[in-house]
Protein chains: 4
Amino acid sequence: MNKDEAVKSVIKDAAKRVFSKWGLNKTTMEDIAHEAGKAKSTLYYYFKSKEEIFENLSIDELNIILFKAKAAIKGINSPKDKLKVYIATTFTEIKKTANIYSLIKGEIKGNKTLIDNIRKRFDISEEAIILEILTLGLKYNEFNFLKDIELKKAANVIMEIIRGLEINLFLENEDSEKVDIAIRLVVEGL
Amino acid sequence: MNKDEAVKSVIKDAAKRVFSKWGLNKTTMEDIAHEAGKAKSTLYYYFKSKEEIFENLSIDELNIILFKAKAAIKGINSPKDKLKVYIATTFTEIKKTANIYSLIKGEIKGNKTLIDNIRKRFDISEEAIILEILTLGLKYNEFNFLKDIELKKAANVIMEIIRGLEINLFLENEDSEKVDIAIRLVVEGL
Amino acid sequence: MNKDEAVKSVIKDAAKRVFSKWGLNKTTMEDIAHEAGKAKSTLYYYFKSKEEIFENLSIDELNIILFKAKAAIKGINSPKDKLKVYIATTFTEIKKTANIYSLIKGEIKGNKTLIDNIRKRFDISEEAIILEILTLGLKYNEFNFLKDIELKKAANVIMEIIRGLEINLFLENEDSEKVDIAIRLVVEGL
Amino acid sequence: MNKDEAVKSVIKDAAKRVFSKWGLNKTTMEDIAHEAGKAKSTLYYYFKSKEEIFENLSIDELNIILFKAKAAIKGINSPKDKLKVYIATTFTEIKKTANIYSLIKGEIKGNKTLIDNIRKRFDISEEAIILEILTLGLKYNEFNFLKDIELKKAANVIMEIIRGLEINLFLENEDSEKVDIAIRLVVEGL
DNA sequence: CATGAATGAGCCTTCATTCAT
DNA sequence: AATGAATGAAGGCTCATTCAT
């Protein structure tokens with residue numbers, strides 16, 4: 001990592017902290033600069049705008065999370081277990097890199113373009129993973145109700161359920177028992 | 001409805017439109033005023049602040065939704081069906097009154113107090129309903145995995161799943177088949 | 001007093017109270033209206049502007065004070081005593097009608113015209129009284145240092161000393177001993 | 001003086017001019033900015049608020065005046081003369097730095113806290129000086145009427161007389177003869 | 001490279017005043 | 001005679017962004 005990247009990293013780390021504390025809108029460039037120990041104008045030397053910092057930051061974190069989740073389910077055979085582990089891993093990792101928070105939470109109407117772009121990447125990647133798992137489950141006849149033609153939509157639904165859980169429950173809350181219940185519920189039903 | 005309430009309503013309707021378009025932060029009083037065909041200062045004749053408009057608006061919508069949802073599940077016996085109908089009704093109604101959107105979406109870090117207050121009402125009411133359904137289901141032995149002591153946490157989890165679905169999927173998306181899948185998934189599992 | 005005058009009086013009384021509490025600038029028409037138990041727009045039926053209320057009010061009070069002060073010194077012979085009594089009476093009365101306060105205090109730069117007009121009346125009247133006393137004192141040879149040609153200027157100076165005392169000391173402060181010292185000092189010197 | 005202080009000084013000088021023309025309330029940040037040849041927002045780079053500018057400004061001026069007044073009376077022996085010179089110096093200096101004007105004039109009801117703090121400093125310092133002079137005069141038996149136990153109150157009274165003269169007379173008016181009369185009057189009486 | 005300094009655009013809010021009823 | 005309703009104008013303040021050094 002050259003010098004330039006190093007400074008960018010310092011700034012992003014700082015931004016990560018304040019963004020996850022105040023959200024995109026309420027966080028000011030001053031906040032970030034102060035947290036990074038840099039001057040406000042310095043930020044503009046490395047990033048074009050506040051949004052660009054946020055975007056950069058989010059993409060990095062998303063990639064890391066997806067990478068880890070993929071790794072985690074690699075050695076598992078049962079589709080149901082794959083799904084359980086995927087969700088669990090995702091939760092854990094998001095809690096660590098808690099800053100995509102506002103992104104996932106879709107904080108920003110009025111910044112549509114910004115968010116949509118970032119988000120789409122995550123959604124597409126995640127959908128692919130889940131779809132793969134579901135396909136596998138169908139093939140192995142592991143799922144009761146799921147029909148062939150619903151596959152893609154079901155993937156979508158699960159994805160959104162996961163997203164919702166991420167947002168509302170586990171990020172703010174440290175109750176591992178709830179995580180278990182949630183995962184079991186998604187996979188096994190009531 | 002007297003004159004005062006009528007104008008308040010005009011303003012709230014206008015606010016509803018722009019809030020749901022831009023969110024709380026990005027929406028300016030000017031936006032609302034313009035949309036309502038009133039002067040900016042007129043808004044202050046009827047509401048004390050931008051936040052008050054938002055709060056007013058949100059509470060109204062929440063009450064309507066909860067009212068309809070309660071009515072919808074009244075005549076239903078099976079707990080599983082109750083839950084299905086509750087979710088379905090909630091989705092439909094939220095789609096209609098789409099403006100609590102940002103509220104549910106929890107747009108606002110940094111306005112904690114405002115949101116928290118409104119939101120808590122909804123959460124409490126919703127939790128009560130779901131808890132009731134779950135209790136019933138347990139009593140009638142309709143649920144496979146759910147244990148007595150998990151009741152409250154399970155209610156919580158379901159609530160958050162629903163919340164997540166509301167946010168990410170159905171609001172932006174008009175696919176009734178997905179709704180079915182989602183509901184079935186929550187109730188029956190994969 | 002006809003009906004019109006009666007309402008005007010109610011408004012002025014109310015204004016008196018709030019003006020003396022907050023001063024001209026910080027007092028709003030809403031404040032006055034609320035204190036008067038009238039609607040804000042009603043004030044405009046009786047007065048052209050906030051300033052007009054203030055002006056009206058002040059002139060009334062000034063006249064009363066001057067009237068009482070003149071009456072008080074009427075029966076006194078010694079010029080020095082006349083002056084002492086004049087000052088004492090003025091103080092007492094201002095304390096009672098404490099609202100010209102801001103006027104005397106000249107609160108309002110930026111409303112020059114308003115204030116200057118009212119104030120001039122008071123200044124002229126007061127100067128006349130003091131000048132008369134001084135002239136008398138000179139005639140009776142009661143004053144040590146005062147020369148003929150300084151008369152008018154001396155009157156002016158005394159007037160301003162009185163004004164200063166009114167403002168800074170006695171209005172905020174209830175120390176009759178200080179009043180005595182002050183009066184003695186002005187008349188007799190250190 | 002570094003750059004920062006230089007700009008602050010430019011702003012304060014500008015503020016001094018407009019404040020003394022319009023007073024604290026009626027002067028807007030726009031006024032100051034325009035007078036300083038800066039953008040309105042620039043003012044906020046150097047000062048946190050309008051009040052802070054005012055406070056800064058006032059304290060500076062007060063310190064200068066007190067410093068000069070103290071210097072002026074240092075070499076003088078007679079208490080009466082000391083007092084005369086103190087008053088004369090104060091007047092002259094205030095005329096030069098004419099901006100504490102509104103401060104002394106106590107323009108602001110409703111901004112109590114701001115003013116009170118600044119003002120208190122001046123009052124305390126001034127009282128100390130006068131008290132010292134009076135004590136000296138008493139010791140040397142230079143005063144006719146003043147009694148021991150009245151010392152503090154007398155200092156207070158004189159202080160307020162001076163304050164009044166400052167406000168009402170000499171600031172608006174350029175009559176050095178009047179100054180003489182006033183000083184003589186305070187010290188020697190009529 | 002880094003930043004101190006500067007600013008334009010805008011935001012929320014207040015308030016004296018107007019006017020139709 | 002009285003006022004509810006409406007508003008224009010302004011004010012204090014914030015902040016992302018620019019730029020010369």
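Other chains' Cβ within 10 Å of D:19-27 residues: what's the mean?
The mean count of partner-chain Cβ atoms within 10 Å per residue comes to 4.
Report the normalised scattering of chain D as log10 I(q)/I(0) at q = 0.13, 0.14, 0.18 Å⁻¹, calculated by the Debye formula with identical scatterers on the alpha carbons.
After summing over all Cα pairs, the log10 values are -0.73, -0.82, -1.17.
In nm to one decimal, list the spacings between the residue A:51 label point and its equivalents in the other copies, with label points set 7 Å along Cα to Cβ, shortest first.
Ordered by increasing distance: 2.8, 3.7, 4.8 nm.
Beta carbons within 10 angstrom, averaged per residue: use that to sort the peptides D:32-38, D:83-89, highest first.
Ranking, from highest mean packing down: D:83-89, D:32-38.
Please identify the DSSP H helices in chain D that span no less than 30 Å along the helix axis (Cα) and have a mean Kyte-Doolittle hydropathy of 0.0 or more.
D:50-74, D:112-139
In nm, give the distance between the simple-model label positions of residue C:81 and residue D:4, each being 7 Å from the Cα along the Cα-to-Cβ direction.
Result for the modelled spin labels: 6.7 nm.
Give the separation of the Cα centroids, segment C:43-74 to segment A:42-99, in Å.
Answer, in whole Å: 75.
How many nanometers, to one decimal and shortest first, lie between the label point of residue D:64 and those of its other copies, if labels sit 7 Å from Cα toward Cβ?
4.4, 5.6, 6.5
One decimal, nm, shortest first: give the distances between the label point of residue D:144 and those of the same position in the other copies, each label point 7 Å from Cα along Cα→Cβ.
Residue D:144 label point versus its equivalents elsewhere: 0.4, 11.2, 11.2 nm.
Averaged over D:181-188, how many beta carbons belonging to a partner chain fall within 10 Å of each residue's beta carbon?
Mean shielding count: 6.
Along the Cα→Cβ direction, 7 angstrom out, place labels at residue B:144 and residue D:60. What is the inter-label distance in nm?
7.9
Please average, across the residues of C:147-158, the number of beta carbons from any other chain that are within 10 Å of each residue's own beta carbon, and give a whole number.
Averaged over the peptide's residues, the number is 4.
What residue of chain B has the nearest C-beta to the axis that moves B onto C, and what is that distance in Å, given as a whole number?
Per the B/C rotation axis, the closest residue of B reads B:41, 3.
Since every read-out is calculated from the coordinates, none of them should be taken as a lab result. The structure displayed is predicted, hence computed values, not measured ones. Positions of Cβ are generated from backbone atoms using ideal geometry, with glycine treated the same way; all protein chains shown enter the neighbour counts.
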